1. How high is the FRET efficiency between S38 and A79 when r is their beta carbon distance and R₀ equals 35 Å, given to the nearest 0.05?
2. Ranked from highest to lowest mean number of other Cβ atoms within 10 Å per residue, what is the order of the peptides 29-36, 49-56?
Amino acid sequence: MSDVQMQFELGIDTPPTRTPSPAEVEEAKTKKGGWRMSVLAGWGVPLPATKGWKTRLRIQWEKENPLCAELDRLAKKEALSKRNSADD
C-alpha cells in the first residue's frame, strides 16, 4: 500500500498545519509506547515511519520556533546542572 493510499484510508488528506513540539510528540505516545499511524500521518511523517522521523520533526520544529528551541535547550541545561550539583 502506498503512503497516499494509507493516508487516504486513515482519513488524512491535508498536510500538517504546524510541526509538533518535542513535548507534543512525547505526549502523543500510546500506553504501549508507540504512536498511532493516523497521528504520524497528521504530522506529515511518511508511512511507514522510518528511522529518524522524530529527529526530523524536532529539527523542523526548531527551524520554525528558534526561540522556543533555545528556551528548551536552556531549561535542559539548567536541569542537568541542578541534578549534577545535587549528586555532589
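Please treat every number below as a calculation from the coordinates, not as lab data. Values in this document were obtained by computation on a predicted structure and should not be read as measured data. A quick note on method: Cβ atoms are made from the backbone with ideal geometry, for glycine too, and the neighbour counts reach across all protein chains shown.
1. On the way: r = 33 Å, r/R0 = 0.93.
Using R0 = 35 Å, I get an efficiency of 0.60.
2. 49-56, 29-36
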